[in-house]
Amino acid sequence: MQTETPDLLWQPTPATFDGSGLAAYLDFLRAWEPDGFTAPGPEVTDPAPGEALPSYASLWRWSTADLPAFWASLWDFLGHAEGSGHRPSAPEEVLPDASMPGARWFPGAPVNFAERCLAGGEPDDLAVVCRDETGARTETTYAALSRQVAGLAATFRDLGVGPGDAVAGYLPNRLETLVAMLASASVGAVWTCAAPEFGTPSVLSRFEQLGPRVLVAVDGYRYGGADHDRRTEVAALAESLPTLTDVVEVPLLGLGLGNDLPAATLAWDEAVRGPDQHPAAKPAHVATEFSDPLWVLWSSGTTGRPKGIVQSHGGITLELGKALSLGCDVRRGDRYFVATSAGWMMWNFAVAGLLVGAEVVLYDGSPTHPDADGVWRVAAEEGAAVVGVGAAYLTAGMQRGREPSAYDLGALRSLLQTGSTLPEEAWRWIGRELPGVQLQSISGGTDVCSVLAGTSPLLPSVVGRISAPWLGVDLEAWDVDGRPVTGEEGELVVRSPMPSMPLGLLGDDDGSRYRAAYFDVFPGTWRHGDWVVVHDDLTLAVAGRSDATLNRGGVRIGSAELYDVLDDLEGLADSLVVGVDLADGEYWMPLFVVPDGDQVVDHDFADRLRTTLRTRLSPRHVPDEVIEVPRVPRTLTGKRLEVPVTRILADPEGSARIAGDQAGRGAVDHPEMLDWFAAYAVHRRDTRAAPPASG
């Protein structure tokens, strides 16, 4: 669309705002007057009809200044009081303890995530559309989904699964995965999932921490036009999980898991019918409370095993209901399609569309199969109103000259972009290709399973900027001394609790790992791990990670996972892996290696290394380049200097200054290697050739 300012891609109007979830919420607020609460003022709730839009900034300030009122209003607006007999009547019932970590939300309030998802639409409404690379397509109504969940939940109960137990999935993005997750939630168990492209060691490093009683697993999966047999991996998982008593088999490839597993095997069709073969139309949901654990997501740190992040029924239900209805503007009856795998938190974000009555589209396969237009083709054929996709997909499409405008995307209202920073050229490309579509750049993470900053039906889309912190997110940028900064880079922090912040981490009984992960730098304040610039108008720009977490295709993985494998690799003395957001929008994940003895870092060695990482971990763990270095810089206590090297490689122009300015070079083993990486950053920018010789 033509605009007065070339950087303005989309502008809200009263016409575009009308019918949005946020418009309905503001109408609700006008009439919502429980005792003890103060609603936002006229600037927010009483705009001049047809002339002006409400002030998002005022609404955001109210939502963060009066957390009990905001979240209580959301509780009622989203319908959680209906049928539950619970309506907050005083602020202390909402957030009696706002400490971080340890905030207490809605004590005693009954919330079951599965129940709320299955109540999102009428029985005959379409709930889920499933597609895969073969062209297969199925539609499932809310009633049919409820029947399958009821059947599998009954089977879980028959197997002895209930509150305090765990169910794990080794599954791709399919209906069976959704049914298994909802059935686990329905019986009060804790769910976790890993995508089947992950190898056995990577999956075990997660599942062993949780100790699942039941594993729901495929015999294989299809991706990029090829079939991948996973029977050996499933057998290894079953053999290595001592808590496992049963395996539910999803025969995706028709291979069968066989009868030799150390746990009893049950076929999917039999399991979803339930033990009595006649499942009830609706599941008998366990009356879980707000703070009862729902699932475990995995966010790898830079040391040790992946962190098991425990999130709650109420926190996820309330937070994702808010995110989708007030932020992303996913509406009842919308076709809502997110290109994702089941092992990424965006899958959880996608299926939560059921909470608002959306028609969720699940696509099992590669977004670039049979060609690079896979996402646009599915979106067009399904008439998707809201589509979510990673920045890497958009950037690659732009660079390859793809034309989304060639597809019938007339139903598309909003494009959610996530995963990493989108280069400005790609913003403008989307503006040209999809005029009139709101480009929503969103930023959040696995840690909260939601969005911290994004756009809104009230806010314009401007090239290179995330529109604002989301409602209820008390976000700022802080300098190293914990002071708010505006217009300059700082640590992204959240000053007040959010309902979906973790209950804690697995195996962290005293909370020390949880505090170290998020509250070590600024006690009492959540440090998210991103560099961000917050501007005067509340727009944001994320500059990259402030820790050493890798972000491959939008999925965060820990360098420690790679080191666990690499440290055992013959011929390798040391290694350093980093993830770099380059200026052209590409994400570059090089692996720097120090050979052992007479080992030569040649093509064969690099291939052996890549194959090992792909097999033992996943394709996402395979580096873009394998580069020989004289040595790996470390602190004197032995920690690899991943963050300094990342920042050096991301900024060739400033690399020498960054290398020279590193505080405490005297505390670094081989500080001259920082200068080597600075020289390499410049050399790579200029030549994209081999690294320079070391001094």
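Using the heavy atoms of the protein chains alone and a 1.4 angstrom probe, what is the accessible area of region 583-642 per residue in square angstrom? Mind showing how you got there, number by number?
On the way: 2890 Å² over 60 residues.
So region 583-642 comes to 48 Å² accessible per residue, rounded to a whole number.
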Protein accessible area in the chain, 1.4 Å probe - carbon and sulfur %: 48
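Ranked from highest to lowest mean number of other Cβ atoms within 10 Å per residue, what is the order of the peptides 425-434, 673-682, 306-315?
Details: 425-434: 19.4, 673-682: 21.8, 306-315: 24.6.
Per-residue Cβ counts within 10 Å, averaged per peptide and sorted highest first, yield 306-315, 673-682, 425-434.
Rounded to the nearest whole Å², what accessible area per residue is found for region 501-542 with the 1.4 Å probe? The partial results should precede the final answer.
On the way: 1760 Å² over 42 residues.
On a per-residue basis, 42 Å².
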List the residues, sorted by chain then number, that are 5 or more residues from G308 or on another chain and whose placed amide H is less than 5 Å from its amide H. L506
Points 7 angstrom from Cα along the Cβ direction at E122 and D607: gap in nanometres? 6.1
Taking one equal scatterer on every alpha-carbon of region 213-355, how large is log10 of I(q)/I(0) by Debye at q = 0.14, 0.17 1/Å? -1.00, -1.34
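If you restrict to DSSP beta bridges whose two residues both lie in the chain, what percentage is antiparallel, to the nearest 5?
Working: 55 of 98 bridges.
Of the beta bridges lying entirely in the chain, close to 55 percent run antiparallel.
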Checking rank on 242-249, 411-418, 17-24, with mean other Cβ inside 10 Å and highest first, the result is 411-418, 242-249, 17-24
What shape does region 295-384 have by the C-alpha gyration tensor, where a ≥ b ≥ c are the square roots of the eigenvalues, rounded means a/c under 1.5, and otherwise prolate means a/b greater than b/c and oblate the rest? oblate
Sorting R684, R614 on solvent-accessible surface, 1.4 Å probe, most exposed first, gives R614, R684
What does the accessible area of C130 come to, in Å² to the nearest 10, when a probe of 1.4 Å is used? 20
Surrounding charge for G374, neighbours by C-beta under 15 angstrom, Lys/Arg +1, Asp/Glu -1, total -2
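Averaged per residue, what accessible area in Å² does region 243-400 show with a 1.4 Å probe, protein chains only?
Numbers: 4910 Å² over 158 residues.
Heavy-atom accessible area per residue stands at 31 Å².
What does the charge count near D125 come to, summing +1 for each Lys or Arg and -1 for each Asp or Glu among other residues with Cβ under 9 Å from its Cβ? Please report the intermediate quantities before stating the final value.
Numbers: positive: R332; negative: E122, D124, E359.
Local net charge: -2.
Within a Cβ distance under 13 Å of M398, other residues only, what is the Lys/Arg minus Asp/Glu net charge?
On the way: positive: R400, R402, R428, R432; negative: D373, E403, E424, E425, E433, D584, E586.
In short, -3.
The values are calculated or read from the model by the stated rules, or taken from the named source; none is laboratory data. What you see is a predicted model; the values in this text were computed from it and never measured. No Cβ is skipped: glycine too gets one built from the backbone with ideal geometry, and neighbour counts run over all protein chains shown. For the accessible areas, the whole protein counts, side chains as well, though only heavy atoms, and no ligand, DNA or RNA atoms are used. Shrake-Rupley method; radii C 1.70, N 1.55, O 1.52, S 1.80 Å.
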